[in-house]
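None of the figures in this text is laboratory data; all of them are computed from the coordinates on show. Everything numeric in this text was worked out from a predicted model, so none of it was measured. Here the Cβ positions follow ideal geometry from the backbone for every residue, glycine too, while neighbour counts run over all protein chains shown.
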Amino acid sequence: MRGPIAPPQVPLSVSRADSFVDLVQDSAERLERRWPQLSGVDFTVLEVPTPGLGGPGSGGGPDGHGGAADGWDGESVPLGRFIAARGDAPDRIVIYRRPVEIRAKNRDERALLVHEVVVEQVAELLGLAPESVDPRYGQE
């Protein structure tokens, strides 16, 4: 008999990438309940940061991801970053999936690390300490 091992509604059929996006969205939604101004922020997941590309206006790629011009020196790998709004583009928080997954041993650790990275980036956006954004930051 050939066919899918599990029906689509069963978690087995969810890819690791889709599962990661769900973790980021869950974390963002949790923070939006406390900070309504986050509803206009674009939360994005990228596989990895790209060294050597600057943002718009710096000679880099049009999406503004990665590179020394955006705060990445190409040596230590960031887990996420905040990109301030430019023109019609909203504020954006980017979480890098592969660097986060490499640092987490299991799903629970991954979920905790994703939330911590999202909190850190939201704190940068709001100009607050991560503990102010989420009082449980660093305690779990």
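At a Förster radius of 35 Å, what calculated FRET efficiency corresponds to the Cβ-Cβ distance of LEU46 and GLN139, to the nearest 0.05?
About 0.80, to the nearest 0.05.
Label points 7 Å out from Cα along the Cβ direction at VAL77 and ASP26: separation in nm?
2.3 nm
Label points 7 Å out from Cα along the Cβ direction at GLU101 and GLU124: separation in nm?
2.2 nm
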